[in-house]
Each structure stands twice: as structure tokens, then as C-alpha cells.
1. Using +1 at the Cβ of each Lys and Arg and -1 at the Cβ of each Asp and Glu in the chain, identify which of Ala125, Gly92, Ile156 lies farthest towards the dipole's positive end.
2. Restricting attention to the alpha-carbon atoms of region 84-166, what are Rg (one decimal) and Dmax (integer), both in Å?
3. Mind scanning Lys32/Lys123; Lys95/Lys193; Lys129/Lys193; Lys57/Lys170; Lys123/Lys179 and naming the pairs with a C-alpha gap bigger than 29 Å?
4. Compare the Cα positions of Met52, Asn147, Asn169 along the charge dipole of the chain (+1 at Cβ of Lys, Arg; -1 at Cβ of Asp, Glu; about the Cα centre) and return the one farthest towards the positive end.
5. Could you work out how much longer the chain between His77 and Gln139 gets when fully extended? Use 0.36 nm per residue separation minus the Cα distance between them, nm to one decimal.
6. First select every other residue whose beta carbon is under 12 angstrom from the beta carbon of Val167; then total the charges, Lys and Arg +1, Asp and Glu -1.
7. Mind checking the dipole of the chain: about its Cα centre, +1 per Lys or Arg Cβ, -1 per Asp or Glu Cβ, Debye to the nearest 20?
8. Of the candidates Arg69, Arg102, Arg88, which one comes out as most mobile in a Gaussian network treatment of the chain with C-alpha springs shorter than 10 Å?
Amino acid sequence: MTKLFASLTLLVGLFTQAASAQDINAALRPPKGAPLAIVVFEDLQCPQCRIMAPLVKQAGQTYKIPVVRHDFPLPMHNWSYQAAVIARYFDGHSKQLGNDYRDYIFEHQVEINPTNLRGFSEKFAADNKVDLPFVVDPQGRLAAEVNADRDLGKAIQLQHTPTIYVVSNKPQKPYIEVKDPHSELFTTIDAMK
């Protein structure tokens with residue numbers, strides 16, 4: 001019986017590792033139909049993420065490639081997790097609205113704190129003619145999505161935010177992490193084409 005339990009535990013562990021590897025491979029690929037994309041893991045309270053967001057957006061527009069954003073709220077930031085959950089609420093209306101909210105939060109990041117995040121979010125909602133419910137995530141579904149992104153980042157072994165990848169559908173070199181976006185983002189995209 002003990003051998004059976006040990007075998008089942010080993011089998012479940014191997015299955016979990018294989019599923020995790022598949023998730024990582026899928027995350028570091030462009031969306032279907034796109035030969036290239038930029039994948040970024042960001043924290044809405046991270047000052048460096050705020051600085052890099054316009055550059056990443058510009059690169060996506062310049063090269064006409066998708067920018068895939070993942071939430072990776074860091075534990076030391078006291079309002080980033082809640083902001084990521086609210087961003088997921090806006091994603092539910094449209095992915096563009098969710099991205100616009102993230103950009104809006106970055107624009108106002110230095111003014112935001114845990115007590116006024118809700119007010120900033122309500123203003124964004126009103127400006128975009130969307131109702132923001134009093135309880136944004138009553139079933140915890142949006143938090144689970146944020147947690148899934150964070151778990152994916154941990155599986156990839158992210159060390160910092162933002163972490164930016166240029167990803168390709170080519171099998172020989174499917175992704176490259178951009179270490180210095182100011183000097184490397186555009187040249188990395190050129191190299192991956």
C-alpha cells in the first residue's frame with residue numbers, strides 16, 4: 001500500500017511538472033496567428049514598470065505586434081495586488097479597457113496609495129462609462145487569475161519586474177528576455193524577425 005501511495009505521489013508530481021512546463025511554453029509564445037509578440041510580467045506599483053510601460057507599448061505599435069501583459073504583483077507593494085484584480089475586472093469588459101486601466105494606474109502611480117486606489121479606479125470607470133461594483137470580485141475568480149499569472153511568473157523563476165520577453169513562433173529560438181529595454185527592446189525585436 002505504501003509503494004502504491006509513493007507511486008501515485010510520484011506520478012502526480014511528474015504530471016504537475018509536465019503541466020507547468022506546458023504552461024511556461026505557452027506563455028512564452030506569441031498569440032495564435034502572430035509571428036512575434038512582447039510578453040511582459042509587471043507590477044502596477046513598481047516604479048520601473050511604470051517607466052517601461054510606454055516603451056513596451058510603443059514597441060508593440062511600431063512593429064505592429066501584440067503585447068501580452070501578465071500580472072506579477074510583488075508582496076512588498078501594498079496596493080498592487082488589488083489593482084491587478086481591478087484590472088482583471090476591466091479585462092472582462094474588453095482587453096483594451098483592462099490595458100487602458102493599467103496604463104492609467106501607471107500614469108497616476110505616484111499619487112496612489114491603499115486608501116485612494118478605489119477612488120482612482122472609480123474615476124477611470126466613470127470616464128469610460130463602466131460601472132465599478134462595490135465588491136469587484138465576490139467569488140474570487142479575478143484574484144485566481146492574478147494568482148495564476150503570479151504562479152506562472154514564479155514557475156519561470158522571475159527575479160524582477162518588469163520582466164520583458166520578445167517571443168517568437170520559431171522553434172529554434174522561441175524567446176529572449178530583454179535585460180535592458182531602453183537599449184535592447186527594439187534591437188531584440190529586429191533580431192527575432
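1. Farthest towards the positive end: Ile156.
2. Reported Rg and Dmax, both Å: 13.7, 39.
3. Details: Lys32/Lys123 34 Å; Lys95/Lys193 26 Å; Lys129/Lys193 39 Å; Lys57/Lys170 23 Å; Lys123/Lys179 35 Å.
Long pairs (Cα-Cα over 29 Å): Lys32/Lys123; Lys129/Lys193; Lys123/Lys179.
4. So the residue we want is Asn169.
5. Numbers: separation 62, 0.36 × 62 = 22.32 nm, distance 2.35 nm.
Length gained, His77 through Gln139: 20.0 nm.
6. On the way: positive: Arg29, Lys170, Lys173; negative: Glu177.
My count for the surroundings of Val167 gives +2.
7. Values: 20 positive and 20 negative charges, 128 e Å.
Rounded to the nearest 20 debye, it is 620 debye.
8. Maximum among the listed residues: Arg69.
Any read-out appearing in this document is the output of simple, stated calculations on the displayed coordinates, not a laboratory observation. On a predicted model such as this, the values are computed, not experimentally measured, just so you know. Reconstructed Cβ throughout: ideal geometry from the backbone, glycine too, with neighbour counts over all protein chains shown.
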